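Q: Below: one structure in structure tokens.
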Amino acid sequence: HRHLLGIEGLSREDIESILDLAETYVTLNRQTDKRADALNGLTQINMFFEASTRTQASFELAGKRLGAAVMNMSMAQSSVKKGETLIDTAMTLNAMHPDLLVVRHSSSGAVNLLASKVNCAVLNAGDGRHEHPTQALLDALTIRRRKGRLSRLTVAICGDIAHSRVARSNMILLGRMENRVRLIGPPTLIPPGADRMGVEIFDDMAKGLEGADVVMMLRLQKERMDGALIPSMREYYHRFGLDAEKLAAAKPDAIVMHPGPMNRGVEIDGLLADDINVSVIQEQVEMGVAVRMAAMDLLARNLRARNEPGGAAR
Ligand code: CP
């Protein structure tokens, strides 16, 4: 593959090979000396048009640990403020010959459009409500490590599904790996057409969580909501906020996940989120660095192959 734009374009084998390579980087990242050379000589530019803690920090660390020259564009201080378009901005940076461009944008499809214009490899770090492929891959690695497999599991994705690129990428990945996926949330936060995506839909936590191996909580994405889609925060937490009592409906060894950033007391009880016997939230963050290292390593191999004599022109 030339870019990593979504889970949609990945086969089962692609997913497994990224996760297998990521395992080697989990080991490396736990050592004191974290240096590897997969991106030596390459330039990585991170362009985040939306706020981020985990994704931006882990892409930066991943690039540096693999030997790339990494530049974080501060989009809030860029000439986008003076009216320059996304594509003109991308073409300007493209002229500086980066090899890897990591992009987050609020518009669904913006990263695919950008990838069609530039010469380098593009990694989607989240576009609108469309895809967040490295998040789904890091979630998959976390599940595989905790459950010993990434198929034949019952995974409940709960909360604001409608506005969530994390949910969409996870639904595609988990479906491709032959898991049973359930969506739980108020009908106003279930995307239209979800019933045709091979998932089961619930608006009751007790029913939806019954027998679940994995419980994935999502933040209410207020920045993507036009109007009031929930009655009140209090009512939302009462019905859909995950606490130990509601979790009791899931399997006794169920794990609790959250992509972050989380809002304690809105979609999840703070004590449950911190309970290391069930919550794998910090492990998800750790897997994020390894998965991003693996994804950039594989794209760099492709870049180098294309640049070899006889390889396809970039
Ligand atoms: N999960 C995730 O994408 O977090 P950030 O928005 O902090 O990058």
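Q: Looking at this structure, is ILE143 of a type in the set (Val, Ile, Thr) and either within 24 Å of THR188 (Cβ to Cβ) or within 16 Å of the ligand (Cβ to nearest atom) (or both)?
A: It is true that ILE143 is of a type in the set (Val, Ile, Thr) and either within 24 Å of THR188 (Cβ to Cβ) or within 16 Å of the ligand (Cβ to nearest atom) (or both).
Residues are listed down the side, and each one gets a yes or a no for (1) modelled with pLDDT under 95; (2) within 15 Å of the ligand (Cβ to nearest atom):
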residue	(1), (2)
LEU42	no, no
MET47	no, yes
LEU66	no, no
VAL80	yes, no
THR85	yes, no
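Q: Another question about this same structure. Any residue in region 27-54 that's within 30 Å of MET262 (Cβ to Cβ): show its pairings with residues that are assigned to a loop (DSSP other than H, G, I, E, B) and polar (S, T, N, Q) at Cβ separation under 7 Å, as long as the two are six or more apart or on different chains.
A: Qualifying pairs under 7 Å: PHE49/SER106; GLU50/SER106.
Q: Restricting to region 240-274, and then to whatever is free of Cβ contacts under 8 Å to residues at least 24 places away in the same chain and either outside any loop (DSSP other than H, G, I, E, B) or of a type in the set (D, E, K, R) (or both), can you tell me which residue is farthest from THR188 (Cα to Cα)?
A: Only one residue fits best here, namely ASP274.
Q: Additional query: Within region 100-125, track down each residue that is under 19 Å from ILE18 (Cα atoms) and either touching a residue at least 60 places away in the same chain (Cβ under 8 Å) or acidic (Asp, Glu) (or both).
A: Answer for region 100-125, where residues must be under 19 Å from ILE18 (Cα atoms) and either touching a residue at least 60 places away in the same chain (Cβ under 8 Å) or acidic (Asp, Glu) (or both): LEU100, ALA121, VAL122, LEU123, ASN124, ALA125.
Q: Does MET75 satisfy the criteria of being within 16 Å of the ligand (Cβ to nearest atom) and either surrounded by fewer than 18 Cβ atoms within 10 Å (Cβ to Cβ) or more than 16 Å from the chain's Cα centre (by Cα) (or both)?
A: Spelling it out, MET75 is indeed within 16 Å of the ligand (Cβ to nearest atom) and either surrounded by fewer than 18 Cβ atoms within 10 Å (Cβ to Cβ) or more than 16 Å from the chain's Cα centre (by Cα) (or both).
Q: A further question follows. Working only within region 49-64, note down all residues that are surrounded by fewer than 17 Cβ atoms within 10 Å (Cβ to Cβ) and either away from the ligand (no atom under 16 Å from the Cβ) or more than 19 Å from SER106 (Cβ to Cβ) (or both).
A: Within region 49-64, ALA57, LYS64 meet the criteria.
The values are calculated or read from the model by the stated rules, or taken from the named source; none is laboratory data. These figures come from a predicted structure and were not determined experimentally. Note that we place each Cβ from the backbone using ideal geometry, even for glycine, and neighbour counts take in every protein chain shown.
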